[in-house]
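Okay, structure first, notes after.
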Amino acid sequence: MTSDTIVSAFLLGIVEGLTEFIPVSSTGHLLLLGHFLGFESTGKTFEVLIQFGAILAILSVYFGRLWKVFVGLPHDPAARRFAASVLLAFFPAVVIGVLAHDFIKTVLFESPTLVCITLILGGFVLLAVDRLPLTPRYTNAMEYPLGLSLAIGFCQCLAMVPGVSRSGATIVGALLMGTDKRSAAEFSFFLALPTMAGAFAYDLYKNRDVLSMDDAAIIGIGFVTSFIAGAFVVKTLLDFVSRHGFAPFAWWRIIAGSIGLAALYAFG
């Protein structure tokens with residue numbers, strides 16, 4: 001493991017933590033940055049496994065509320081309903097993710113140009129939705145109807161295309177189906193827990209025979225930096241969205257994708 005690899009893992013971990021929970025596509029940013037850094041991970045596993053740091057970031061910030069749900073499951077209908085809502089939203093990703101795993105990792109993850117294009121297109125979609133005069137009907141992420149949660153789960157599956165953004169797909173879907181911006185972002189946090197944990201476990205299992213101790217070391221570096229950056233974003237995002245909406249992230253996507261395309265054209 002070289003010093004360049006350590007620096008790359010450190011930078012990629014920060015980018016993962018900063019971008020995982022905002023609608024700009026953490027995977028897209030990781031693949032583009034990794035491409036230009038010349039960083040290659042075994043089976044593209046690094047990009048998935050460092051998400052575990054971001055998972056722990058959510059748990060650290062929301063531990064009190066999530067623990068209350070957990071201990072309330074045996075006797076609290078509201079706690080059971082919330083747990084069912086999140087699991088139902090998670091279900092489509094389980095089915096499609098398992099069926100399409102190899103195609104996603106070996107085809108879609110290998111196309112930086114596709115990432116740039118989806119970043120730009122997703123930016124324009126997010127910008128358009130952010131400007132729509134929508135009237136929210138649902139404002140509490142812990143009380144979404146089960147049908148709404150399932151529909152958001154299907155929207156999340158669009159993010160299996162790198163550059164679309166898991167949080168972006170769920171947030172846009174939620175907004176179009178009647179949620180407010182703050183609760184849409186918060187439900188995306190909650191849905192990230194089983195989704196990212198499932199992707200982490202499945203990818204670790206699929207690559208168990210090819211990972212080495214060097215892989216473990218760089219994943220550890222990415223994990224720690226991802227956790228620190230992710231905790232910062234989770235603590236600050238909801239207030240930022242309440243004040244500014246999603247337009248800043250839309251422009252971020254458009255600019256990042258355009259710069260990426262220009263760099264690919266110039267340097268390959």
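The values are calculated or read from the model by the stated rules, or taken from the named source; none is laboratory data. Given the structure is predicted, the values throughout are model-derived calculations rather than measurements. Because the Cβ atoms are built from the backbone with ideal geometry, glycine has one as well, and the counts that use them run over all protein chains shown. Note: accessible area is taken over every heavy atom of the protein model, side chains too, but ligands, DNA and RNA are not part of it. Shrake-Rupley method; radii C 1.70, N 1.55, O 1.52, S 1.80 Å.
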Next item on the list: Would you mind pulling out the separation of the Cα centroids of the range 147-185 and the range 121-136, in Å?
Entry: 12 Å
Next item on the list: Report, in degrees rounded to the nearest 10, the 0 to 90 angle that the Cα long axis of helix 77-106 makes with the longest principal axis of the chain.
Entry: 30 degrees
Margin query: What's the whole-number percent of alpha carbon pairs in the range 53-132 lying beyond 19 angstrom?
Written below: 67 percent
Check: Could the peptides 257-267, 67-77 be put in order, highest first, of the mean number of other beta-carbon atoms found within 10 Å of their residues?
Finding: 257-267, 67-77
Check: Working from the pairwise distances between different alpha carbons, so that the mean of 1/r is found and then inverted, what is the range 174-268's Kirkwood radius in Å?
Finding: 16.7 Å
Next item on the list: Once you have all Cα-Cα distances for the range 5-70, histogram them in 10 Å bins from zero and send the whole-percent values.
Entry: 20, 48, 21, 10, 1
Check: Using alpha-carbon positions, what is the distance between the centroids of the range 1-74 and the range 192-209, in Å?
Finding: 12 Å
Check: Pick from Val115, Val15, Val125: which residue has the top mean-square fluctuation in a GNM of the chain where Cα pairs under 10 Å get a spring?
Finding: Val125
Next item on the list: Express the accessible area of the chain per residue in Å², computed with a 1.4 Å probe while the remaining protein chains stay in the model.
Entry: 46 Å²
Check: When the accessible area of the chain is split by element with a 1.4 Å probe, what percent falls to carbon and sulfur?
Finding: 71 percent
Margin query: Give me the percent relative contact order of the range 115-268, please, defined on Cα pairs under 8 angstrom at least 6 residues apart.
Written below: 42 percent
Item checked: Three principal axis lengths of the range 1-157 [C-alpha, angstrom, descending] -> 53, 37, 30
Margin query: Sequence gap at least 6, Cα distance under 8 Å: using those rules, report the relative contact order of the chain to the nearest whole percent.
Written below: 39 percent
Notebook entry, point to check: Going by alpha carbons, how many degrees (0 to 90, nearest 10) lie between the helix axis of 51-72 and the longest principal axis of the chain?
Noted result: 20 degrees
Checklist line | Quarter of Cα convex hull surface for the chain, i.e. mean projection, nm² | finding: 13.8 nm²
